[in-house]
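I have placed the structure first, in the form of structure tokens, so that the comments after it can refer back to it.
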Amino acid sequence: MLIYKIFRADEWAALQAEGETPGAPIDVADGYVHFSTATQAAETAAKHFAGAEGLTLLACDVGTMGDDLKWEVSRGGAEFPHLYRNIRLSDVVWAKPLPLAEGVHQFPEEMA
């Protein structure tokens with residue numbers, strides 16, 4: 001199963017350069033890396049990245065995360081995947097630009 005992480009350009013660059021990262025500032029503050037499922041990702045983008053350009057969408061394999069991945073109730077009572085360790089470049093299956101068109105982020109067809 002794939003789960004998704006939205007990174008700003010500097011956050012994606014840090015992961016590529018270092019091979020792992022604790023995530024975005026909100027991830028560091030909360031103590032885990034926030035992910036979304038395919039059905040949650042668009043709402044996450046709209047809520048936390050409205051109007052932001054230069055984003056990258058990472059698809060990550062839950063199989064690489066083992067017991068460090070927990071499904072916890074969050075927004076709207078839905079369960080979200082939270083990773084209680086650094087995200088590693090080896091977790092990433094693919095990374096694609098997340099362009100903004102007329103104020104809405106355009107997600108890749110691979111997620112459908």
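Read-outs: derived from the displayed coordinates by stated rules, not from any lab. Keep in mind that what you see is a predicted model, and the values were worked out from it rather than measured.
Some values worked out for this structure:
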| quantity | calculated |
| --- | --- |
| The chain: equivalent-ellipsoid semi-axes (sqrt of 5 x gyration tensor eigenvalues, Cα, Å) | 20, 17, 14 |
| The chain - percent relative contact order, Cα under 8 Å, separation 6 or more | 35 |
| Between region 1-41 and region 46-112, the Cα center-to-center distance that results, in Å | 7 |
